[in-house]
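Enquirer: Dropping a structure here in structure tokens format, bear with me for questions.
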């Protein structure tokens, strides 16, 4: 389900398959590896589905990175059209930076999305 690549204060977490309440424990464990990072890139190229528990985990991760005066950011890389649509329906495309490719997310110097 997960492959991680850490680079100084940036971590890329590649997720796969259906992300739902059944995979939540593994997802939380993977997202915990982002603690202490300034930039977290969630590579969703191989994700077919996300449910509300997954979206909640992503929002909480963003809160941890941006809390206490920190300026951390979560970038969503290469979501499939169906996953992107879920972000849009939930208006989370306003909260997260969504990129068409992993390369775009990695090279981005954009400031964090506003609340």
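Computed from the coordinates by the stated procedures, all read-outs in this text should not be read as laboratory data. From a predicted model like this one, the values you see are computed outputs, not experimental measurements. With ideal geometry, Cβ positions are generated from the backbone for all residues, glycine too; neighbour counts draw on all protein chains shown.
Enquirer: I'm told residue 76 meets every condition in (1) farther than 23 Å from residue 103 by Cα; (2) surrounded by 15 or more Cβ atoms within 10 Å (Cβ to Cβ) except one. Can you identify the failing condition by its number?
Expert: Going through (1) farther than 23 Å from residue 103 by Cα; (2) surrounded by 15 or more Cβ atoms within 10 Å (Cβ to Cβ) one by one, residue 76 breaks only (1).
Enquirer: In addition: Of everything in segment 80-103 that's farther than 17 Å from residue 53 by Cβ and without any contact (Cβ under 8 Å) to a residue 12 or more places away in the chain, which residue is surrounded by the most Cβ atoms within 10 Å (Cβ to Cβ)?
Expert: Looking at the filtered set, the residue picked out is 93.
Enquirer: Pairs please, first residue from segment 52-79 and on the phi > 0 side of the Ramachandran plot and in contact (Cβ under 8 Å) with a residue 12 or more places away in the chain, second anywhere and crowded, with 20+ Cβ neighbours inside 10 Å and not in a strand (DSSP E or B), Cβ atoms under 9 Å, 6+ apart in sequence or on different chains.
Expert: Qualifying pairs under 9 Å: 78/105.
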